[in-house]
Amino acid sequence: MSYNPQKIEAKWQKFWKTKKLYSVKDLEKGRKNFYHLVMFPYPSGDLHIGHWYNFAPADVYARFKRLQGFNVMSPMGFDAFGLPAEQAAIKRKIHPEKWTLNNIKTMVNQFEAMGNIYDWSRMIITCLPEYYKWNQWIFLKLFEKGLAYRKKAPANWCDNCKSILANEQAEGGKCWRCEGPVEQKEIDQWLLRITDYADRLLEDLDSLDWPERTKIMQKNWIGRSEGAEIEFPISNSNLKIKIFTTRADTVPGVTYLVVAPEHSLIKTLEARIRNINSVREYLDRARRKSELERMTESKSKSGVELQGITAINPFTKKEVPVWVSDYVLAGYGTGAIMAVPAHDERDFEFAKKFGLQIIQVVSDDGKSNELKEAYTGDGAMVNSKDLDNLPNNIAKDRIIEMINGKKKINYRFHDWLISRQRYWGTPIPIIYCKKCGAVPVPEKDLPVLLPKISDYTPEAGKSPLARSEKFVKTKCPKCGDPAERETDTMDTFVDSSWYYIRYTDPKNSKSLADIKKVKEWLPVKMYIGGAEHAVMHLLYARFFTKFLYDEGLINFQEPFLSLRHQGIILGTDGQKMSKSRGNVVDPDELVSKFGADSVRLYLCFMGEYHLGGPWNPTGILGVHRFLNRAYQFVGKFSKPVSKTSKNKEAVEHLLHKTIKKVGDDIELQKFNTAISALMVLLNEMEKNPENCTKEMAESFLKLLAPFAPHLTEELWNNLGNKKSIYLESWPEYSKKYIIDEKVELIIQINGRLRDKLLVARGMQQLEIEEMVMKSEKIKQALNNAKPKKIIFVADKLINLVV
RNA sequence: GCUCUCGUGGCGGAAUUGGCAUACGCGCGUGGCUUAGGACCACGUCCCGCAAGGGUUAGAGGUUCAAAUCCUCUCGAGAGCACCA
């Protein structure tokens, strides 16, 4: 009999479907609920091998949990709004909805071929009104609480995508989607006040079982810093320049101020700036520079002095010049800084270049020295009048008080900008009325349907929806006057910020989810997805969860208790897979050659899950051979076998050790070593089939079941079992088999292996020493030398030091 | 530039966390069995050496009875941050 995966897999996929084996009830007697979730995919067309890597090993974990006795919910859906649908639609001249829903159909079929445990009755598609209605509903709640607001401000603009981006999506001056350069553009936009939640978002990180790296990234992104706001009066004027600093102790060393090119002061004091022409020229140049250029040119600083304008150092009362430079960011703090060249590297560099004064005020040896570089450490105050010799950390608070500074906490991140000037997204449910202003659409009128229009090509700064008169023209819900709808749509990250809640109650038309079901399932126990979402999706989702908690709609404050990242599969050449490189691995082809079980198994076996790595085209042969051998071996037990197994002890020991190892490893998502343990077990059983029993073969199948669901169902059935193997439970190991009675003890001389000894567990040192001295090898190696010292580790080793 | 993580055969990778380095698999070699398929089976496969033995975890040094694992430096790779005042 030969292993025919194609036949077996189709058969069992049908079986699972007709038996509804994976549709999950909200409550099952005697079983604990376990919510297992993988980040839902974008419906891009076909499942590629990267998708397989995200979903198949994650499914191994879910199946393992199910076998352990949990009532596992593992739902799947599609993050269906977004730019690529529009772009594909424009290119192919079909409606984005049609394109998206077609893709979803294909992908659902491909998912079924993967043999996953998904409960398709809970599927979510975010571009359908039944889903995005609740985006709008949540938006209105945020609006009601003042957490959604409209503002005209410079925003990140990607000219390729013709859209505004959130800061999280414009990292490093590049668009997260197309990698094109990001420019600044003034535009009216909707923002969500995520910064109100900054401290909670920071504090609650500690309680999460997340990769440390990811937590650090979120911490850095939020970027909390404690400091003070200090005002510097402008000479001969009532105006003041407000700055933010974390080093108030260095105020005595402030020798100039710098404002960002966008700072309002320049315009206000235009008339007094003597060199206004060269200042304007500088501002022009700075504006033309893209964010990217500003960063790459960060090495050499540029700037112009605002001649005719000086400020007063509030500590020394001395006049200091004011400069404009693009090394100061408009978006952080107040857009202006106090410069302390002696104690800040950037200021030092700037001062050196433009010949500005450098005054040391903190010193590690209490003396004022010639500085070759900025001194950023702690020390005692110098050149600071009465404060001299005081530790700088104490001087800090003293100075803030003396100069009427205000303690302040600043955050690096900004409010979340959600307006998108695009068609394929959730309409923002706001109506503009000349009399009443921005009026929320009443709840009863939700959803505001996305109209079917025929021309959704983007236009700079304006949503395609603005061209649909039918959509735009409406009546003010408050006063009934003619009014206009908001035409921007929401960032698709809004959709994914709460979808995990919707899975618990996906068809609810009365609320986003029934609180009873929410309590039954949430928070998510295990969440799996790419590390690239560390500061986007994962931060937004945490924010939404906290908001919905505050609204009393859910009973938990963190959505994902445990988080794991998968790695990325690279092409055979070690490069990122792409069609242009021609190094794309086609999973469908592999499935038709080797079967889905082999593909699943190989993806788990190829290395550490969170690392990924290059694809090895012959590697899959190894696991395929293994499955084939398992098929042949277990097949032997489908007929009654003689019960003469004489020496099953040895195999029994190994089996129990394997049960422990495979369970422990899957729990840690170390799938590769779990599989290698299964291989070792099968190798051993194959060598001694006469010492194996049917029960052993059954245990082996259960251990293999999470990895190779189709094959194990087939073999389980062949052994005479009528019900699915997934209605069984994970085998238990007994301690007596885990601990061997005899252990192999290593004998070392000076730390080098010389001999081995098989001894009873727990044997004492003296007894062992005696045995060691009788060993020929040891006698020879010792060559009559007497051990000076003997190190003994029970059941492990004895080391003779000569 | 800064921070973090990591460097183990021809390749993917193991190593109970300081205690037998190279498990498991790929590839390769030899032989067998097959009328060929990316099949299967057996044996071998870190380096030097006929052997006894010796050497080996990027490189150099250190701590220790004992180091892939801990410390220091150098080199290399990956990730994150990159004017955040």
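Taken together, the values in this text are just the output of simple stated rules run on the coordinates, not laboratory data. This is a predicted model, so every value here is computed, not measured. A quick note on method: Cβ atoms are made from the backbone with ideal geometry, for glycine too, and the neighbour counts reach across all protein chains shown.
Based on the mean of other Cβ atoms within 10 Å per residue, sort peptides A:606-617, A:730-741, A:672-683 so the most packed one is first.
For the peptides A:606-617, A:730-741, A:672-683, the packing ranking is A:672-683, A:606-617, A:730-741.
Would you mind calculating the gained length between residue A:240 and residue A:593 on full extension (0.36 nm times residue separation, minus the Cα-Cα distance), in nm to one decimal?
119.7 nm
In the neighborhood of residue A:465, defined by Cβ-to-Cβ distances under 13 Å, what is the net charge if each Lys or Arg adds +1 and each Asp or Glu adds -1?
Residues close to residue A:465 contribute a combined charge of +1.
What shape does chain A have by the C-alpha gyration tensor, where a ≥ b ≥ c are the square roots of the eigenvalues, rounded means a/c under 1.5, and otherwise prolate means a/b greater than b/c and oblate the rest? Can you show the working numbers first?
Working: a/c = 2.60, a/b = 1.40, b/c = 1.86.
Oblate shape, in that a/c is at least 1.5 and b/c is the bigger or equal ratio.
How much length is gained if the chain between residue A:93 and residue A:128 is pulled fully straight, taking 0.36 nm per residue apart and subtracting their Cα-Cα distance, in nm to one decimal?
10.5 nm
Tell me which of A:383, A:801, A:108 sits at the most positive position along the dipole axis of chain A, charges placed on C-beta atoms (Lys, Arg +1; Asp, Glu -1).
Positive-end residue among those listed: A:108.
What list of ³J(HN,Hα) couplings, whole Hz, do you get for the stretch A:232-240 from phi and the Karplus terms 6.51, -1.76, 1.60, once you set θ to phi - 60° and write x for glycine and proline?
Karplus values, whole Hz, x for Gly and Pro: 10, x, 8, 4, 6, 6, 8, 6, 9.
Tell me whether the stretch A:65-215 comes out rounded, prolate or oblate; compute the Cα gyration tensor, take square roots of the eigenvalues as a ≥ b ≥ c, and use a/c under 1.5 as the rounded threshold.
Oblate, because a/c is 1.5 or more while a/b does not exceed b/c.
Highest first, please rank the peptides A:32-39, A:277-284 by the mean number of other Cβ atoms sitting within 10 Å of their residues.
Working: A:32-39: 20.8, A:277-284: 14.5.
Descending packing order for the listed peptides: A:32-39, A:277-284.
At a Förster radius of 41 Å, what calculated FRET efficiency corresponds to the Cβ-Cβ distance of residue A:402 and residue A:575, to the nearest 0.05? Walk me through the numbers on the way to the answer.
Working: r = 60 Å, r/R0 = 1.46.
Efficiency, from the Cβ-Cβ distance: 0.10.
What dipole magnitude, in Debye to the nearest 20, does the stretch A:359-488 give about its Cα centre under +1 on Lys/Arg Cβ and -1 on Asp/Glu Cβ?
920
Grab the Cα-Cα distance for residue A:625 and residue A:11, subtract it from 0.36 nm times how many residues apart they are, and report the gain in nm with one decimal.
Values: separation 614, 0.36 × 614 = 221.04 nm, distance 2.14 nm.
Extra length available between residue A:625 and residue A:11 comes to 218.9 nm.
Evaluated at 20 °C with a viscosity of 1.002 mPa s, what Stokes-Einstein diffusion coefficient in µm²/s does the stretch A:669-802 have when Rh comes from the Kirkwood expression over alpha-carbon pairs?
It comes out at roughly 116 µm²/s.
How far is it, in nm, from the label point at residue A:694 to the one at residue A:144 when both lie 7 Å from their Cα along the line to the Cβ?
A separation of 6.3 nm, rounded to one decimal place.
At residue A:783 and residue A:510, where each label point lies 7 Å from the Cα along Cα→Cβ, what is the point-to-point distance in nanometres?
Calculated label separation equals 9.0 nm.
How large is ³J(HN,Hα), in whole Hz, for each residue of the stretch A:9-23 in order, when computed from phi with the Karplus curve 6.51 cos²θ - 1.76 cosθ + 1.60 and θ = phi - 60°, using x for Gly and Pro?
So the Karplus estimates, Gly and Pro as x, are 5, 4, 4, 6, 4, 5, 4, 4, 5, 5, 7, 6, 5, 10, 7 Hz.
Sort the stretch A:620-736 into rounded, prolate or oblate with this rule: let a ≥ b ≥ c be the square roots of the eigenvalues of the Cα gyration tensor; rounded if a/c is under 1.5, and if a/c is not under 1.5, prolate when a/b is larger than b/c, oblate otherwise. Could you put the intermediate results ahead of the total?
On the way: a/c = 1.35, a/b = 1.14, b/c = 1.18.
It comes out rounded by the Cα gyration axes.
So who's got an amide H within less than 5 Å of the one on residue A:430, skipping anything under 5 residues away but keeping other chains? H placed 1.01 Å off N, in plane.
Distant-sequence amide H within range of residue A:430: A:441, A:486.
Cβ under 9 Å from residue A:61's Cβ, residue A:61 left aside: what net charge do those residues give with Lys, Arg +1 and Asp, Glu -1?
That sum, taken over residues with Cβ under 9 Å, equals +1.
Could I have the simple spin-label model distance between residue A:25 and residue A:795, label points 7 Å from Cα toward Cβ, reported in nm to one decimal?
Between residue A:25 and residue A:795, the label points sit 4.4 nm apart.
If R0 is 45 Å, what FRET efficiency do you get for residue A:414 and residue A:738 from their C-beta distance, rounded to 0.05?
Efficiency, from the Cβ-Cβ distance: 0.25.
Show the residues, 5+ positions off or on another chain, whose built amide H is closer than 5 Å to the amide H of residue A:34.
A:71, A:72, A:73
To the nearest 0.05, how large is the calculated FRET efficiency for residue A:202 and residue A:562 if R₀ is 22 Å and r is the Cβ-Cβ distance?
0.70
Students often get this wrong, so check it: of A:462/A:510; A:98/A:133; A:162/A:473; A:517/A:660; A:185/A:470, which have C-alpha atoms separated by over 26 Å?
A:462/A:510; A:517/A:660; A:185/A:470
Roughly what % of DSSP beta bridges within chain A run antiparallel, to the nearest 5?
75
Just report the Cα centroid separation between the stretch A:460-537 and the stretch A:676-705, whole Å.
Measuring centre to centre over Cα atoms gives 51 Å.
Considering amide H positions built from the backbone, and no H for Pro or chain starts, which residues 5 or more places from residue A:570, or on another chain, come under 5 Å of its amide H?
Result for residue A:570 returns A:613, A:615.
Kindly rank A:493-501, A:506-514, A:382-390, A:656-664 from highest to lowest mean number of other beta carbons found within 10 Å of each residue.
Put in order of decreasing packing, that is A:493-501, A:656-664, A:382-390, A:506-514.
May I ask you to evaluate 6.51 cos²θ - 1.76 cosθ + 1.60, the Karplus curve with θ = phi - 60°, for each residue of the stretch A:703-710 and list the ³J(HN,Hα) values in order in whole Hz, giving x for glycine and proline?
Taking θ as phi minus 60°, the curve returns 5, 7, 3, x, 7, 10, x, 5 Hz for the stretch A:703-710.
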